[in-house]
Structure formats: C-alpha cells, structure tokens
1. Is one or more of the residues making up the range 140-161 acidic (D, E), surrounded by fewer than 16 Cβ atoms within 10 Å (Cβ to Cβ) and under 18 Å from N216 (Cα atoms)?
2. Condition check: surrounded by 11 or more Cβ atoms within 10 Å (Cβ to Cβ), modelled with pLDDT under 95, out of contact with any Asp or Glu (no Cβ under 6 Å at 6 or more places or on another chain) and closer than 20 Å to S225 by Cβ. Does S3 satisfy that?
3. Find the residue count for the range 165-192, including only residues that are surrounded by 14 or more Cβ atoms within 10 Å (Cβ to Cβ) and small (G, A, S).
4. Determine if the range 123-135 includes at least one residue that is assigned to a loop (DSSP other than H, G, I, E, B), surrounded by fewer than 19 Cβ atoms within 10 Å (Cβ to Cβ), in contact with a helix residue (DSSP H, G or I) (Cβ under 9 Å, 6 or more places away or on another chain) and at pLDDT below 90.
5. Would you mind stating whether F217 is under 24 Å from K8 (Cβ atoms), in contact (Cβ under 8 Å) with a residue 40 or more places away in the chain and not in a loop (DSSP other than H, G, I, E, B)?
6. Within the range 148-166, identify whether any single residue is of a type in the set (A, V, I, L, M), part of a helix (DSSP H, G or I) and closer than 22 Å to S20 by Cα, and answer yes or no.
Amino acid sequence: MPSIEELKSNITSLLKESLSEFKPNWGKLIGAGLLMFAAALPVIGVELGLMSVTGIFSQNTHELSWIFYLVMPIVMLLHVGLIVGMMAMQVGFASLCLKMVRKENFTIISELKSGLPKLLPMFLASLVMAPAIFLGLLCFVVPGIYLAMRFAFFSVAIADGHGPIEALKKSFRITRGHLIEMIALFALYQVSSFVLAFIPIVNLFILLFFVLPFMNFFWAKYYVSLESNELEQGSFEYNTVPARA
C-alpha cells in the first residue's frame with residue numbers, strides 16, 4: 001500500500017501530465033462533442049415535430065386523438081435509436097481520447113463512427129459485470145466497491161478494441177495495486193463536483209466545455225498509464241528470472 005506522500009505525488013503527477021496533454025487537444029474534443037450534439041439535433045427535431053402533430057403540447061391532452069397512439073410508437077423507436085447512437089458515439093469519443101493520448105493519427109468523424117460495432121461487446125461485458133457488482137454491494141458494500149473499481153476501465157478497453165471478457169480481464173489486471181489511488185481520484189472528483197454545484201450557471205458551462213472533455217481524456221490517459229505500468233512490471237519480472245544452466 002502506498003504512503004500518503006506517494007499517493008499524493010502520483011495523483012498530482014498524473015493530473016499535471018493529463019492537463020498538459022489535454023490543453024492542445026481541447027479544441028478537437030470540444031469539436032467532437034459539438035458534432036455529437038449536431039448529430040442528435042435532427043432526430044430530436046423529428047421527434048418534436050411528430051409529437052406536435054399528436055396535440056400532446058396542447059392544453060387538451062386528456063382528449064388525445066388516435067393519431068397520438070399511432071405516432072408515439074414511432075417517436076419511441078426514434079428515441080431508442082437516438083440513445084443507441086449517442087452511446088455509440090460516446091464509445092467512439094473514448095477511442096478518440098486514446099488516440100490523442102498515444103499521439104496516433106485519427107479523424108474525429110471516423111473515431112466517433114467506430115463506436116457502433118463496439119456496442120455489442122459493451123452490452124455483453126455489462127451483463128457480466130453488473131450482477132457481480134450488485135452482489136458485491138449486497139455483501140456489506142465493500143466487495144461491490146472493490147469490484148466497481150477493478151472493472152472501471154472495461155469500457156475504455158472495449159473502446160480500445162478488446163472483446164467483452166478480455167476487456168473485463170484487462171481492467172481487473174491493470175488496476176491491481178491501484179485501488180487506493182483510484183478511490184482517492186474518485187473522491188477528489190466528487191468533492192470538486194460538490195463545490196461546483198453551488199454555482200449552477202458557471203457549473204453548466206464548466207461541465208460541458210471542460211469537466212466532461214477532461215474527464216474522458218483523463219480516463220484514457222490513466223488507462224494508458226496503467227497499461228504501460230503493467231508492461232514495465234511484466235518486463236522487469238521476466239528479466240529477473242535466472243537463466244538456466
């Protein structure tokens with residue numbers, strides 16, 4: 001277990017490095033976020049248009065016509081499609097952050113599109129992870145928190161191209177020995193969010209244009225950092241095996 005000084009040094013260093021790398025990429029991340037918003041607008045517009053036809057926005061909502069029951073299933077299907085599309089682009093956004101952290105070539109639109117085929121692995125991994133965490137929470141809470149921390153990077157691993165089981169295994173593997181550090185980072189984020197909640201208008205601006213982009217970038221940076229740390233430890237352990245005569 002790291003000492004308080006080591007923990008403070010590690011977190012400070014990680015935050016500084018993440019912020020330093022985030023600054024030159026901030027505009028691209030905001031642009032990607034605006035593209036996601038722009039992609040959702042036409043669907044939202046169609047939904048609102050169809051709902052207005054039903055008369056649901058009028059005062060006589062208790063006298064809805066048969067058109068309401070005909071149109072609303074279509075609206076619901078459109079909304080489900082919108083949610084799925086936004087989830088896919090969120091996975092693509094994580095992939096975009098990984099490319100930025102690794103300084104690899106990318107195009108924003110291609111990365112956002114790349115999330116769609118990764119939704120099924122994300123869903124399958126969630127089916128495995130969610131019951132495990134739920135059962136852990138039932139067992140005196142602590143096991144659930146432990147599992148939630150160890151599986152925290154499964155979505156980033158899937159955005160990185162891993163399958164559902166492989167992503168869960170990788171998250172569990174790279175977080176070994178970093179549980180206290182992760183809990184401290186989570187607590188820091190919660191405290192920061194609590195402080196920002198007292199200035200709602202400014203908070204909304206900061207949330208949309210800084211906190212959300214930075215948290216996605218930071219999570220990708222932390223994932224790559226843990227991944228590199230695992231490789232270094234594995235290499236060290238391999239090199240320390242005595243050669244056979």
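1. So far as the range 140-161 goes, no, none of its residues is acidic (D, E), surrounded by fewer than 16 Cβ atoms within 10 Å (Cβ to Cβ) and under 18 Å from N216 (Cα atoms).
2. Answer is no for this residue.
3. Within the range 165-192, residues that are surrounded by 14 or more Cβ atoms within 10 Å (Cβ to Cβ) and small (G, A, S) number 3.
4. Scanning the range 123-135, I find no residue that is assigned to a loop (DSSP other than H, G, I, E, B), surrounded by fewer than 19 Cβ atoms within 10 Å (Cβ to Cβ), in contact with a helix residue (DSSP H, G or I) (Cβ under 9 Å, 6 or more places away or on another chain) and at pLDDT below 90, so the answer is no.
5. Criteria met by F217.
6. Yes, that holds for at least one residue.
Per-residue answers, yes or no, for (1) among the acidic types (D, E); (2) out of contact with any Phe, Trp or Tyr (no Cβ under 6 Å at 6 or more places or on another chain); (3) within 20 Å of W219 (Cβ to Cβ):
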| residue | (1), (2), (3) |
| --- | --- |
| M89 | no, yes, yes |
| S95 | no, yes, yes |
| R102 | no, yes, yes |
| N105 | no, yes, no |
| I109 | no, yes, no |
| S114 | no, yes, yes |
| L119 | no, yes, yes |
| M129 | no, no, yes |
| L135 | no, yes, no |
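The values are calculated or read from the model by the stated rules, or taken from the named source; none is laboratory data. Everything numeric here is computed off the predicted structure, so don't read it as measured data. Positions of Cβ are generated from backbone atoms using ideal geometry, with glycine treated the same way; all protein chains shown enter the neighbour counts.
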